Structure formats: structure tokens, C-alpha cells
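Novice: Quick one: the structure is below, and I'll ask about it shortly.
A short reminder: the numbers here are calculations on the coordinates, not readings from a lab. This is a predicted model, so every value here is computed, not measured. Cβ placement follows ideal geometry from the backbone for every residue including glycine, while neighbour counts extend to all protein chains displayed.
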Amino acid sequence: MVDPTGEFGARALRIYLHDVESSYYGRPPTDAEIDEELRVNPSRLLAPPEGFFLVAQIGDEILGCIGLRLLPAGLGEVKRVFVVPRMRGQGLGSRLMDAMEARARQHGVTRLRLDTRSDLVAARRLYTRHGFVEIPRFNDDQVSEHWFGKVLEPEQPEPNGP
């Protein structure tokens, strides 16, 4: 778990935003545009006790990230899902989703939700592979075009050997 407001967490978020905003703008974003996105949509709610932020890394190299906001009544909102381009297609996104779900269960989360854009096709495939289904809009985010939800089943204990 990483503090999204600390130096390493902030670096992970900037890498994430550079990628998703490049897709959105059709060009690399400026530092000012990334700064504005961080101002408008701060990630401080991904730090305990309001949430958590996980970063996949090798040494100091950031490979991906995922966050979860912990909301009332066992609800968790998945945020900032990202895998660097060179690691895509190797299962890292699934491992991040699995790690987030395991930690979510530890925090008593029973339902997950997230929103995303239409251009993030691979992300939408990842979500549906992990059991998310499209649900009605749950926020007024002007950029989001798809909303997903999932009932988080309790972890099943490992069966005992023969």
C-alpha cells in the first residue's frame, strides 16, 4: 500500500494521468493539465482511512496502480486503474484487480463500483472479465460514459487436502 499524497504515490498518479489524458486529448498532456486534474480530482481519499492505493513496481519503477475509496454501507469505488503500456497483456491488470478485491474484503466491502470512458476499451474488457456489469449512472462525471458494478463475494476458504 502506498500513500497517494507521498512522493512515490504522486509519481504513480502522474504516470497514470499522463497515459489516460494522452488518450483523451489525442496528444501528451501538459504538466499544467495534469496538475489541474490532480487539483480537481485529488487522490487523498485513496489514503487510509478513506481508502487505499496499491502500486505495482520493480524497485523504483512503477508498473501500474489501482485505488479504492471506501464508502458507507460496504461500498467501494475503484479508482486510478492503470498498467504501463509495456506491461499490458501480461496479466498485471488482473493481479492488481485481485489484490484490490482481497484488500477490499478485509475492509468489509461487499459491493464495488467504477466509472470509465468509452475510449478505454481494454479497461472495460478487464472489468467485465472480473465480473463487473454495466449499471445505471451513479455520478455526474462529465467524462465518464460507462458505469460498472460488482457484488464482492466473500473469500472462499481453501479446501483441505485429501
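Novice: Restricted to segment 1-48, and to residues that are without any contact (Cβ under 8 Å) to a residue 12 or more places away in the chain and β-branched (Val, Ile, Thr), which residue is farthest from Val78 (Cα to Cα)?
Specialist: Thr30
Novice: If you don't mind, there's one more thing I want to ask. What residue, of Gly59, Gly6, Gly51, is small (Gly, Ala, Ser) and crowded, with 20+ Cβ neighbours inside 10 Å?
Specialist: It is Gly51.
Novice: Further question on the same structure: What number of residues within segment 58-102 are in contact (Cβ under 8 Å) with a residue 60 or more places away in the chain, part of a helix (DSSP H, G or I) and touching a strand residue (DSSP E or B) at 6+ places or on another chain (Cβ under 6 Å)?
Specialist: Total satisfying the criteria: 0.
Novice: Scan segment 88-106 for residues that are under 16 Å from the mean Cα position of the chain (by Cα) and within 17 Å of Ala123 (Cβ to Cβ) and jot them down.
Specialist: Arg88, Gly91, Leu92, Gly93, Ser94, Arg95, Leu96, Met97, Asp98, Ala99, Met100, Glu101
Novice: A further question follows. Every residue in segment 103-125 that is over 19 Å from Glu21 (Cα atoms) and part of a helix (DSSP H, G or I), please.
Specialist: Arg103, Ala104, Arg105, Gln106, Arg125 - these are the residues of segment 103-125 that are over 19 Å from Glu21 (Cα atoms) and part of a helix (DSSP H, G or I).
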